[in-house]
1. Which number in (1) over 24 Å from residue 44 (Cβ atoms); (2) crowded, with 24+ Cβ neighbours inside 10 Å marks the one condition that residue 217 misses?
2. Does any residue in region 114-138 that is without any contact (Cβ under 8 Å) to a residue 24 or more places away in the chain come within less than 9 Å, Cβ to Cβ, of a residue that is part of a helix (DSSP H, G or I) six or more places away or on a different chain, and which pairs are these?
3. Name the helices (runs of 4 or more DSSP H) wholly inside region 1-94 in which the number of residues that are at pLDDT below 95 is 2 or more.
4. Got at least one residue in region 258-271 being buried (at least 19 other Cβ atoms within 10 Å of the Cβ), touching a helix residue (DSSP H, G or I) at 6+ places or on another chain (Cβ under 6 Å) and closer than 17 Å to residue 208 by Cβ?
5. Given (1) buried (at least 18 other Cβ atoms within 10 Å of the Cβ); (2) in contact with a helix residue (DSSP H, G or I) (Cβ under 9 Å, 6 or more places away or on another chain), identify the lone condition not met by residue 288.
6. Got a sec? Which of 164, 177, 146, 141 is buried (at least 22 other Cβ atoms within 10 Å of the Cβ) and at negative phi?
7. In region 167-188, which residues are within 24 Å of the chain's Cα centre (by Cα) and under 23 Å from residue 105 (Cα atoms)?
8. Could you list, in sequence order, all residues of region 195-209 that are in contact with a helix residue (DSSP H, G or I) (Cβ under 9 Å, 6 or more places away or on another chain) and either farther than 18 Å from residue 254 by Cβ or part of a loop (DSSP other than H, G, I, E, B) (or both)?
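The values are calculated or read from the model by the stated rules, or taken from the named source; none is laboratory data. Owing to the predicted nature of the structure, the values given are computational and were not obtained by experimental measurement. Cβ coordinates were reconstructed from backbone atoms using ideal geometry, including for glycine residues, and neighbour counts include every protein chain displayed.
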């Protein structure tokens with residue numbers, strides 16, 4: 001029987017080196033897919049379910065032109081460096097919240113536009129027709145922009161709720177956003193004051209300053225609490241951690257800073273989780289005291305147990 005020729009390891013390697021590159025490349029490299037972001041996060045709260053939905057996200061240049069208007073550049077840069085944040089741009093998040101009480105589906109704020117918000121709602125397993133209540137925390141464009149889609153109500157079966165002070169202030173101003181998005185639905189709105197009830201377990205709390213009648217909402221079920229806090233703090237470092245820093249979007253900056261301190265103190269003292277509309281998605285977190293300021297602690301699994 002003829003013997004197979006023996007090939008040394010050195011010869012095999014030398015021979016392979018002479019082959020064309022394509023012949024030795026077994027697998028092509030996988031394509032780059034770009035960054036990703038989940039569209040929703042759902043947690044339990046007693047007998048309720050709370051779902052945060054990402055209705056949009058974008059990078060914004062020049063954060064010191066928005067946050068810390070009353071601090072110098074050196075201070076802003078130092079705080080940013082300590083937090084590991086770049087100072088040339090910031091990532092903004094827009095996060096409506098859905099609370100399912102078992103009896104009603106309550107949506108807090110509607111994003112910049114109806115189509116994007118509805119897409120996120122559908123990704124979370126709901127439809128626009130299932131929304132029973134739409135709560136508007138305040139009337140900046142990124143909260144009311146999704147009320148209408150192509151001139152019709154985005155949430156056709158819903159009733160609408162907002163703070164009476166907020167509604168009256170914007171109605172008197174007659175801003176373009178109010179006239180385009182809110183005025184057509186004005187007759188369908190119910191107005192609340194501090195302490196007013198949206199639904200069983202959902203209570204309004206005055207948090208004025210960011211806008212004239214900005215409201216937050218305390219959610220309570222089965223002995224557990226969570227606060228839907230909208231825009232009382234617009235960034236987890238440049239606003240929440242340093243509540244006295246002025247924010248461009250706060251209409252009454254002194255009142256907004258006082259409101260921040262009050263709400264942050266409550267959240268920290270009572271260890272209440274909260275949803276911040278502009279916090280890093282999924283926008284659920286806790287607050288701890290940190291010297292004269294505070295520290296944002298992202299939710300991990302506390303509300304999953």
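1. With respect to (1) over 24 Å from residue 44 (Cβ atoms); (2) crowded, with 24+ Cβ neighbours inside 10 Å, residue 217 is out only on (1).
2. 122/128; 127/118; 127/121
3. Numbers: elements: 9-17, 21-24, 73-82.
Correct list: 9-17, 21-24.
4. Pass one, region 258-271, residues buried (at least 19 other Cβ atoms within 10 Å of the Cβ): 259-260, 263-264, 267.
The next check asks that each one be touching a helix residue (DSSP H, G or I) at 6+ places or on another chain (Cβ under 6 Å); those that pass are none.
Among the residues of region 258-271, not one is buried (at least 19 other Cβ atoms within 10 Å of the Cβ), touching a helix residue (DSSP H, G or I) at 6+ places or on another chain (Cβ under 6 Å) and closer than 17 Å to residue 208 by Cβ, which makes the answer no.
5. For residue 288, the failing item is (1).
6. Working: 164 fails: buried (at least 22 other Cβ atoms within 10 Å of the Cβ); 177 fails: buried (at least 22 other Cβ atoms within 10 Å of the Cβ); 141 fails: buried (at least 22 other Cβ atoms within 10 Å of the Cβ).
Answer to the selection: 146.
7. Within region 167-188, 167, 181, 182 qualify.
8. 196, 205, 207, 208, 209, listed by residue number.
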